[in-house]
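The values are calculated or read from the model by the stated rules, or taken from the named source; none is laboratory data. Not measured: the values here are computed from a predicted model. Note: ideal-geometry Cβ built from the backbone for every residue, glycine included; neighbour counts use all protein chains shown. SASA here: full protein model, heavy atoms, side chains in, ligands and nucleic acids out. Shrake-Rupley method; radii C 1.70, N 1.55, O 1.52, S 1.80 Å.
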Amino acid sequence: MEEEKECPWCQGLLIFEESHYQSPHGKMKIMRCGKCHKLISARLEGEPDRIIKRELIEGGSL
């Protein structure tokens, strides 16, 4: 079972909310906190986002 994660903004249970946006550089994948809706990551679609998630969840700095 996966360990529960905390949102770095609201400290609530982190449930990712995913949306998409077409930018001039390509299609973006936007990840937000499902509770406070603050930005967690924005990446070009197809780019791995597990690295960013790990940094935010483990308290690292970007």
What residue, among those in the stretch 1-23 that are open to solvent by 100 Å² or more (accessible area, probe 1.4 Å) and more than 16 Å from E47 (Cβ to Cβ), is modelled with the lowest pLDDT?
M1
Suppose we keep only residues that are surrounded by 12 or more Cβ atoms within 10 Å (Cβ to Cβ) and closer than 18 Å to K5 by Cα within the stretch 38-50. Which one would you say is modelled with the highest pLDDT?
I40
